[in-house]
C-alpha cells in the first residue's frame, strides 16, 4: 500500500475517534443537562418574571425549620406550599414594580439596617455575621434577603403611602382624644387570620367565606392550634408567622381591630370582622403597659474615612490616623471634616450629626461615643461604615414628650391607615398581574 494512502487511513481513523469522542461527550452532556433540568422547573409565570420550584422549596423549608424550632404544629404541606407560592407571586409583582420604577437600596442604607438588626441582638455587625455563618446561614444570602425586603417596603410605601393624607388638625384631634391620651398605656399581643374576599364577589360567595370564618373560630375554640390554621388558611401578611402581629397599642391597630380587642379578654377569639379585604379573626394573646418620656441624648460630630476601590483598608487607617494627629495638634475640626469626611449627610456641616438618641448609631460607633467625655476627641474607631474620629460636643437628658407625642401620633395614624390600605392594594396588584401557575401544589 502506498505510503500516502497509509497516512490518509491513519488520519481518517484518528478523525473518526475524535468524532466519536465528541459525540460521546455531547450525549453525556445532554443527559446531564436533562437531569439538571429535572431538578428545577418553573412553577409560576408572573408578568415578565418566573418563580422556580427551587425558590418555592427553599422558602417552604425555611418556614418548616422555623415552625419546628418554635415547636408549632405544622400545617398540611400542600396548604403551606399554596400559601408560600402566593406570597412569592406577590413579592415578584412588587419587585418588578420596583425595577420599573428604578428603586434601589444603597449599600450604605443596607449596612445601616443590618447594623440595627445586629444591635437589637446586642452584637456588632461583624459578630452578627460570624453568628449567622456559625448557624449555617450565608451572610451574603441574608444581606440579599434584607435588601429585597427593603425594596418591597419602599414599593408598598409608594403605592399605599401616596393614598394617605394626615392633616395637622387630625394630629391635634388624635392627641387630644381619650384614645390619644391613653394609647401608650396598654399594648396588645394579637394573632390574626384573614379570609380574603375578592373584589366583585357575589353575596353567595361572601356568605360562604363568612361561614368558613365561623367554622375556623369553632375549631380554634375547640382547641385547634391558631398558628397552624393561620398558616393554612390566612391571606394576611403574617400568616406564615402564625398570624402574630406583635405588640401594638390599640391606636396602632386598624380601627376595626382596635374596637374589637378593647372588649376582649386574654385568650379570647373574636367573631368574624368584616372589612374591604375580607373577614378577619383575632385572638388576644396578652396585654401590657409601656411609657417613655425622657431620653439621654448626645450632640456629636465626626469625620469618616472609608476603604474603597482605590483605597485599601490600611490606607484608610493611615489617613484617619494622620487626620487625628492634625486635630490633636490644634487644627480646626470643621475644616478637616469638610475636606476629608466621606459622610455626605454631615460633611458640609463640619461633621455635625445633631442630637442623637440611644440606638441611633452603629454599635462600635455608639460604644466609643458613650465612652468619650464632653469636649474630647475619640481615637480613631472602626465601624461597619469605615473609620471615624468622634468629638462629643454636649449631652442632655431631654424631655421629649411633646415631640415624641406628635411623632408617635403621626406614626400611629399613618400605620393604621397604611394597614387598612395595604391588604386591598396587594389584592388589586395580584388581580391586575398576569399570573400563570404551572405547578399544582
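The values are calculated or read from the model by the stated rules, or taken from the named source; none is laboratory data. Just so it is clear, the structure is predicted and the values come from calculations on it, not from any experiment. Heads up, the Cβs are rebuilt from the backbone with ideal geometry, glycines too, and the neighbour counts pull from every protein chain shown.
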Lone unmet requirement of (1) buried (at least 20 other Cβ atoms within 10 Å of the Cβ); (2) modelled with pLDDT under 95; (3) farther than 27 Å from residue 143 by Cβ for residue 362: (3)
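Taking the options 258, 277, name whichever one is at pLDDT 85 or above, out of contact with any strand residue (DSSP E or B) (no Cβ under 7 Å at 6 or more places or on another chain) and crowded, with 18+ Cβ neighbours inside 10 Å. Lay out the reasoning, then the answer.
Numbers: 277 fails: out of contact with any strand residue (DSSP E or B) (no Cβ under 7 Å at 6 or more places or on another chain).
Of the residues listed, the single one that is at pLDDT 85 or above, out of contact with any strand residue (DSSP E or B) (no Cβ under 7 Å at 6 or more places or on another chain) and crowded, with 18+ Cβ neighbours inside 10 Å is 258.
Residues 136, 161: which one is modelled with pLDDT under 85, more than 29 Å from residue 416 (Cβ to Cβ) and not assigned by TED's automatic domain parsing to the domain that holds residue 419? Can you show your working first?
Details: 161 fails: more than 29 Å from residue 416 (Cβ to Cβ).
Testing whether each residue is modelled with pLDDT under 85, more than 29 Å from residue 416 (Cβ to Cβ) and not assigned by TED's automatic domain parsing to the domain that holds residue 419 leaves just 136.
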Failed condition for residue 155, given (1) surrounded by fewer than 18 Cβ atoms within 10 Å (Cβ to Cβ); (2) touching a residue at least 12 places away in the same chain (Cβ under 8 Å); (3) in a helix (DSSP H, G or I): (1)
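For every residue, the table says whether it meets (1) within 30 Å of the chain's Cα centre (by Cα); (2) surrounded by fewer than 16 Cβ atoms within 10 Å (Cβ to Cβ); (3) over 16 Å from residue 386 (Cβ atoms); (4) touching a residue at least 24 places away in the same chain (Cβ under 8 Å).
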| position | (1), (2), (3), (4) |
| --- | --- |
| 298 | yes, no, yes, yes |
| 305 | yes, no, no, yes |
| 320 | no, no, no, yes |
| 330 | no, yes, yes, no |
| 333 | no, no, yes, yes |
| 337 | no, no, no, yes |
| 340 | no, no, no, yes |
Where residue 166 falls short, out of the listed (1) in a helix (DSSP H, G or I); (2) touching a residue at least 12 places away in the same chain (Cβ under 8 Å): (1)
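What do you reckon, is residue 431 in a helix (DSSP H, G or I) and under 15 Å from residue 305 (Cα atoms)? Let's see the steps before the verdict.
Details: in a helix (DSSP H, G or I): yes; under 15 Å from residue 305 (Cα atoms): no.
Against the criterion (in a helix (DSSP H, G or I) and under 15 Å from residue 305 (Cα atoms)), residue 431 does not qualify.
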Scan of the range 127-145 for residues that are within 18 Å of residue 359 (Cβ to Cβ) and exposed (fewer than 15 other Cβ atoms within 10 Å of the Cβ), ordered by number: 127
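The rows are residues; the columns are (1) more than 24 Å from residue 98 (Cβ to Cβ); (2) touching a helix residue (DSSP H, G or I) at 6+ places or on another chain (Cβ under 9 Å).
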| site | (1), (2) |
| --- | --- |
| 120 | yes, no |
| 136 | yes, no |
| 140 | no, no |
| 162 | no, no |
| 183 | yes, yes |
| 193 | yes, yes |
